[in-house]
């Protein structure tokens with residue numbers, strides 16, 4: 001007799017727990033749902049259904065990958081962000097809940113009827129640009145990334161979420177490929193900000209699997225943030241905003257880098273953990 005859904009999940013959860021995976025039972029259920037192409041409601045309500053032998057073999061393979069540290073999202077190929085479904089691959093950073101705060105703050109600056117120009121620097125999976133375009137149908141977005149592989153993922157996500165006609169994707173090192181100046185009302189960015197000497201302390205899922213270029217610029221982690229502070233004002237209209245995410249321990253250092261002749265430091269917003277996370281700057 002084939003193993004049941006409940007039995008397969010129990011065995012997998014034990015393997016994942018032993019490997020140090022948090023929320024092992026939930027992750028086991030997610031992996032099985034991915035393999036048999038069923039949602040969690042089905043998993044719960046059909047716990048005593050048998051799992052086909054070929055699906056069981058696939059499931060065991062995915063459990064082994066997860067036990068080795070590969071992120072769940074790279075195995076399933078999906079991550080939810082701001083209520084939308086995004087494809088994720090090892091070419092892009094996995095969207096984080098704290099980055100939703102960046103989207104929320106950006107939306108607070110854009111009325112639903114506004115027809116503004118927005119630029120997302122280092123778009124990765126496209127999650128920020130796409131979430132903004134989805135919620136504000138009047139805006140036009142330029143989304144840049146140094147990685148052409150990441151841009152291909154972002155384009156697929158834009159098509160998936162029905163906003164590809166309002167986002168231009170550019171292969172660019174920050175603003176290098178952007179023509180003209182003072183074109184945008186809003187610039188948003190989740191830059192690489194992990195200091196080089198902090199990489200070793202990251203979770204293995206992050207340290208060993210997520211793209212290094214999206215995690216750290218090297219040195220003290222502020223290289224890209226300095227570039228944004230030095231270059232962004234040339235691409236913003238007067239009174240425009242720069243919103244960027246920063247690391248948990250970077251508030252004071254970033255505040256010191258802000259040139260008061262160029263920027264009004266409006267606020268550094270806290271995330272749900274009370275960490276200063278989103279810098280809000282207005283162009284003077």
Residue 35: passes all of (1) crowded, with 18+ Cβ neighbours inside 10 Å; (2) more than 27 Å from the chain's Cα centre (by Cα) but (2)
Per the filter on the range 120-137, residues in contact with a strand residue (DSSP E or B) (Cβ under 8 Å, 6 or more places away or on another chain) and within 15 Å of residue 163 (Cβ to Cβ) are 120, 123, 125, 126, 127, 128, 129, 130, 131, 132, 133, 134
Within the range 127-139, the residues that are touching a helix residue (DSSP H, G or I) at 6+ places or on another chain (Cβ under 8 Å) and outside any helix (DSSP H, G or I) are 136, 137, 139
Only one of (1) within 30 Å of residue 161 (Cβ to Cβ); (2) outside the structural domain of residue 145 (by TED's automatic domain parsing) does not apply to residue 82, and that is (2)
Scanning the range 182-233 residue by residue, the ones that are more than 13 Å from residue 244 (Cβ to Cβ) and assigned to a strand (DSSP E or B) total 2
### Query
Looking at this structure, is residue 98 touching a residue at least 24 places away in the same chain (Cβ under 8 Å) and farther than 21 Å from residue 155 by Cα?
yes
Over the range 74-95, the set of residues in contact with a helix residue (DSSP H, G or I) (Cβ under 9 Å, 6 or more places away or on another chain) and not in a loop (DSSP other than H, G, I, E, B) is 74, 75, 76, 78, 79, 81, 84, 85, 86, 87
Residue 260 over 20 Å from the mean Cα position of the chain (by Cα), in a helix (DSSP H, G or I), in the same structural domain as residue 109 (by TED's automatic domain parsing) and surrounded by fewer than 16 Cβ atoms within 10 Å (Cβ to Cβ):
no
Of the residues in the range 103-126 that are out of contact with any helix residue (DSSP H, G or I) (no Cβ under 7 Å at 6 or more places or on another chain) and part of a helix (DSSP H, G or I), the one that is farthest from residue 88 (Cα to Cα) is 108
**Request:** Kindly indicate whether residue 92 is assigned by TED's automatic domain parsing to the domain that holds residue 272, surrounded by 18 or more Cβ atoms within 10 Å (Cβ to Cβ) and under 29 Å from residue 155 (Cβ atoms).
**Result:** yes
Restricting the range 156-169 to residues that are surrounded by fewer than 17 Cβ atoms within 10 Å (Cβ to Cβ) and free of Cβ contacts under 8 Å to residues at least 40 places away in the same chain, the one nearest to residue 186 (Cα to Cα) turns out to be 168
Inspect all residues belonging to the range 55-67 and state whether any of them is at pLDDT 95 or above and assigned to a loop (DSSP other than H, G, I, E, B). no
Reported set for the range 140-181 where residues are more than 18 Å from residue 88 (Cα to Cα) and assigned to a helix (DSSP H, G or I) is 165, 166
TODO: For residue 228, indicate whether it is surrounded by 20 or more Cβ atoms within 10 Å (Cβ to Cβ), in contact with a strand residue (DSSP E or B) (Cβ under 8 Å, 6 or more places away or on another chain) and not assigned by TED's automatic domain parsing to the domain that holds residue 21.
DONE: yes
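The values are calculated or read from the model by the stated rules, or taken from the named source; none is laboratory data. Keep in mind the model is a prediction, meaning the values are calculated, not measured. Glycine gets a Cβ as well: all are built from the backbone with ideal geometry, and neighbour counts include every protein chain shown.
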